[in-house]
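> One structure, as structure tokens, below. Some questions next.
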Amino acid sequence: MPEEWTEEMRRLGERTFHGKQVFRWIHVRGVTDPAKMTDLPASLRAKLAEPASSGGGGLGDVVRVVGERRASDDTRKLLLSLEDGANVETVLIPRVAGGRSELPSPLAGADEDADAAAAVDDDEASDEEPAEKGEEIVPVTQCISTQVGCAMGCVFCASGVAGLKRHMRADEIVAQVLVGRSRLAPNERLRNVVLMGMGEPLHNYDATVRALRLLTHREGIGLSTRKVTVSTSGLVPEIERLGKDFNGQIGLAISLHAADDETRSRLMPINRKYPLAELMAALRAYPLPRRRRITIEYTLVAGKNDTEVEAKKLAKLLTGLPVKVNLIPMNPIEASSLGPPPMDGVLAFQRVLCDAGYSCFIRRRRGDDVSAACGQLALLGAKPKVRVDRG
């Protein structure tokens, strides 16, 4: 935060106004090399280059890009190395031309864009920059990670296969966005950030909240809270805290994936601690601003939760909640033999929800040819603790 950098300047014996300059260099310009902070005194740049352990400012690369894979749809998955050698992944998802899905469907809403960007509030007037010299501006959504691995153990998600290695710090979470911006094409603009990558954001609550405040700070990256969404598997106390800490302004996405406790507990062990009745009560109490909706993420797993009977139970469970539903045909992962239902089954499931009056989208498969699609982000080289096709 700028005020923290002000205090750091005081500690270093420098003029305090330089603190805001350093903050802007990092968060607005994405520069972490003190030598490139050209409007700072040489003496200060030298102090910032020294390790914090030796009394310096300790600036340096929080994350490094060690790999990049580009999918046929222009989605990019970045493999990032943290300072301790741990690896995480983040994904850049450009909006496709026209914002339409390629899925053929006669259903209302079925051909809308339902990739990760669809979890971001869609009721705000467009803030796109005008195109220059005939160049079309392409909005990009970035999916970022909050933990190295994950402790939740959802059976359809690769991130938790090897378990939780450690929480990420707030600066590591934010650094993904700085690196992501540096990788954008000249006509691309970062518009949305979704905390849907590796890890459970609300399990790493304090660092997640600090990262959210940095991402939305008006003197820094300056994202609108309407353009930031936190996805959770259903940690009830933390959902309540998030609502209070941000007055409901941060978008909320719930990984639901089942409409009864028995099925959900098989797919998502966290349900044993926070069953559906508690989760639904927390969602009804969430201080959602007017005209905003909670996103319900529902991964369709063949033979587990994909029947029309399950769809009817889901419609009943969500009664009265301001929601939109993203249906996600399961993306295959290496540690499981589970997979998606056939498309006619997906469409039948969607038809039940549409007929019940819900806005229901089928998530576009973006980046799955480079394992960047939903549920496919995994620790590099990590071995599964167990196979996850149980239940």
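> Considering 71, 116, which residue is within 30 Å of residue 234 (Cα to Cα) and either at pLDDT 80 or above or hydrophobic (A, V, I, L, M, F, W, C) (or both)? Please lay out each step first, then the result.
Numbers: 71 fails: within 30 Å of residue 234 (Cα to Cα).
That would be 116, the only listed residue that is within 30 Å of residue 234 (Cα to Cα) and either at pLDDT 80 or above or hydrophobic (A, V, I, L, M, F, W, C) (or both).
> Right, something else. Across segment 219-255, what is the total count of residues that are touching a residue at least 60 places away in the same chain (Cβ under 8 Å), among the hydrophobic types (A, V, I, L, M, F, W, C) and under 15 Å from residue 298 (Cβ atoms)?
Looking only at that region, the number is 1.
> Now for a separate question. So which of 107, 80 ends up being modelled with pLDDT of 50 or more, surrounded by 13 or more Cβ atoms within 10 Å (Cβ to Cβ) and not charged (D, E, K, R)? It would help to see each step written out before you state the result.
Details: 107 fails: modelled with pLDDT of 50 or more.
80 is the lone residue from the list that is modelled with pLDDT of 50 or more, surrounded by 13 or more Cβ atoms within 10 Å (Cβ to Cβ) and not charged (D, E, K, R).
> If you don't mind, another one. Condition first: surrounded by 14 or more Cβ atoms within 10 Å (Cβ to Cβ), without any contact (Cβ under 8 Å) to a residue 60 or more places away in the chain, closer than 16 Å to residue 353 by Cα and not aromatic (Phe, Trp, Tyr). Now tell me which residues in segment 292-316 satisfy that. Break it down stepwise before answering.
Residues of segment 292-316 surrounded by 14 or more Cβ atoms within 10 Å (Cβ to Cβ): 292-302, 304-307, 310-315.
Now narrow it down to the ones that are without any contact (Cβ under 8 Å) to a residue 60 or more places away in the chain: 294, 296, 298, 300, 302, 305-307, 310-315.
Subset that is closer than 16 Å to residue 353 by Cα: 294, 296, 298, 300, 305-307, 310-315.
294, 296, 300, 305, 306, 307, 310, 311, 312, 313, 314, 315, listed by residue number.
> Hey, another quick one. For residue 25, work out the one condition from (1) farther than 28 Å from residue 164 by Cα; (2) outside any helix (DSSP H, G or I) it doesn't fulfil.
That leaves (2) as the condition not met.
> Condition first: closer than 14 Å to residue 346 by Cα and of a type in the set (S, T, N, Q). Now tell me which residues in segment 288-314 satisfy that.
299, 305, 307
> Given the structure, is residue 248 outside any strand (DSSP E or B) and either outside the structural domain of residue 153 (by TED's automatic domain parsing) or over 19 Å from residue 159 (Cβ atoms) (or both)?
Here the answer is yes, as residue 248 does meet what is asked.
> Related question: Test each condition in (1) farther than 16 Å from residue 32 by Cβ; (2) touching a Lys or Arg at 6+ places or on another chain (Cβ under 7 Å) for residue 200 and report the one that comes out false.
Of (1) farther than 16 Å from residue 32 by Cβ; (2) touching a Lys or Arg at 6+ places or on another chain (Cβ under 7 Å), only one is false for residue 200: (2).
> If we scan segment 89-96, do we find a residue that is in the same structural domain as residue 323 (by TED's automatic domain parsing), modelled with pLDDT of 75 or more, under 23 Å from residue 296 (Cβ atoms) and part of a loop (DSSP other than H, G, I, E, B)? Working first, answer last.
Keep residues of segment 89-96 that are in the same structural domain as residue 323 (by TED's automatic domain parsing), which gives 89-96.
Remaining after also requiring modelled with pLDDT of 75 or more: 89-95.
Okay, now just the ones that are also under 23 Å from residue 296 (Cβ atoms), so 91, 93, 95.
Those left that are additionally part of a loop (DSSP other than H, G, I, E, B): 95.
Yes; the residues of segment 89-96 include at least one that is in the same structural domain as residue 323 (by TED's automatic domain parsing), modelled with pLDDT of 75 or more, under 23 Å from residue 296 (Cβ atoms) and part of a loop (DSSP other than H, G, I, E, B).
> Counting only residues that are farther than 18 Å from residue 145 by Cβ and more than 14 Å from the chain's Cα centre (by Cα), how many does segment 214-227 have?
Count: 7.
> Output the number of residues of segment 36-68 satisfying the condition of being of a type outside the set (Ser, Thr, Tyr), in a helix (DSSP H, G or I) and modelled with pLDDT of 90 or more. Steps first, please.
Filtering segment 36-68 for residues of a type outside the set (Ser, Thr, Tyr) gives 36-37, 39-42, 44-52, 55-68.
Now restrict to residues that are in a helix (DSSP H, G or I): 36, 42, 44-49, 52.
Imposing the further condition that a residue be modelled with pLDDT of 90 or more reduces the set to 36, 42, 44-48.
Selection size over segment 36-68: 7.
> Tell me, which residue of segment 194-237 that is among the hydroxyl-bearing types (Ser, Thr, Tyr) and assigned to a loop (DSSP other than H, G, I, E, B) is surrounded by the most Cβ atoms within 10 Å (Cβ to Cβ)? If you could, list the steps in order and put the result at the bottom.
Of the residues in segment 194-237, the ones among the hydroxyl-bearing types (Ser, Thr, Tyr) are 205, 208, 216, 224-225, 229, 231-233.
Add one more test, that the residue is assigned to a loop (DSSP other than H, G, I, E, B), and what stays is 216, 224, 233.
On the way: 216: 20, 224: 15, 233: 27.
Step by step, filter segment 194-237, then rank; the result is 233.
> Among 289, 332, 341, which is the only one that is out of contact with any helix residue (DSSP H, G or I) (no Cβ under 7 Å at 6 or more places or on another chain), in a loop (DSSP other than H, G, I, E, B) and surrounded by fewer than 16 Cβ atoms within 10 Å (Cβ to Cβ)? Can you show your working first?
Working: 332 fails: surrounded by fewer than 16 Cβ atoms within 10 Å (Cβ to Cβ); 341 fails: surrounded by fewer than 16 Cβ atoms within 10 Å (Cβ to Cβ).
So the residue among 289, 332, 341 that is out of contact with any helix residue (DSSP H, G or I) (no Cβ under 7 Å at 6 or more places or on another chain), in a loop (DSSP other than H, G, I, E, B) and surrounded by fewer than 16 Cβ atoms within 10 Å (Cβ to Cβ) is 289.
> For segment 170-213, what are the residues that are small (Gly, Ala, Ser) and in contact with a helix residue (DSSP H, G or I) (Cβ under 7 Å, 6 or more places away or on another chain)?
Looking only at segment 170-213, we keep the residues that are small (Gly, Ala, Ser), and these are 170, 175, 180, 182, 185, 197, 199, 207, 211.
Answer for segment 170-213, where residues must be small (Gly, Ala, Ser) and in contact with a helix residue (DSSP H, G or I) (Cβ under 7 Å, 6 or more places away or on another chain): 170, 199, 207, 211.
> Answer yes or no as to whether residue 326 is of a type outside the set (A, V, I, L, M), at pLDDT 95 or above, surrounded by 15 or more Cβ atoms within 10 Å (Cβ to Cβ) and over 30 Å from residue 214 (Cβ atoms).
Numbers: of a type outside the set (A, V, I, L, M): yes; at pLDDT 95 or above: yes; surrounded by 15 or more Cβ atoms within 10 Å (Cβ to Cβ): yes; over 30 Å from residue 214 (Cβ atoms): no.
No; evaluated as a whole, the condition is false for this residue.
> Another question, if that's okay. Go through the residues of segment 197-212 one by one and say whether even a single one is farther than 17 Å from residue 77 by Cβ, at pLDDT below 95 and among the aromatic types (Phe, Trp, Tyr).
Here is the first cut: in segment 197-212, the residues farther than 17 Å from residue 77 by Cβ are 200-212.
Restricting the remaining residues to those that are at pLDDT below 95 gives none.
No, because not a single residue in segment 197-212 is farther than 17 Å from residue 77 by Cβ, at pLDDT below 95 and among the aromatic types (Phe, Trp, Tyr).
> So, one more: Output the residues belonging to segment 260-293 that are of a type in the set (Phe, Trp, Tyr) and either under 17 Å from residue 246 (Cα atoms) or not assigned by TED's automatic domain parsing to the domain that holds residue 229 (or both). Step through it out loud before you land on a result.
Applying the first criterion (of a type in the set (Phe, Trp, Tyr)) to segment 260-293 yields 274, 286.
Residue satisfying the conditions is 286 alone.
Yes/no per residue for (1) among the β-branched types (Val, Ile, Thr); (2) under 15 Å from residue 78 (Cα atoms); (3) surrounded by 17 or more Cβ atoms within 10 Å (Cβ to Cβ):
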position: 139; (1), (2), (3): no, no, yes
position: 143; (1), (2), (3): no, yes, yes
position: 149; (1), (2), (3): no, no, yes
position: 165; (1), (2), (3): no, no, yes
position: 177; (1), (2), (3): yes, yes, yes
position: 181; (1), (2), (3): no, yes, yes
position: 187; (1), (2), (3): no, no, no
position: 192; (1), (2), (3): no, no, yes
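The values are calculated or read from the model by the stated rules, or taken from the named source; none is laboratory data. Because the structure is predicted, anything quoted here is derived from the model rather than measured. Positions of Cβ are generated from backbone atoms using ideal geometry, with glycine treated the same way; all protein chains shown enter the neighbour counts.
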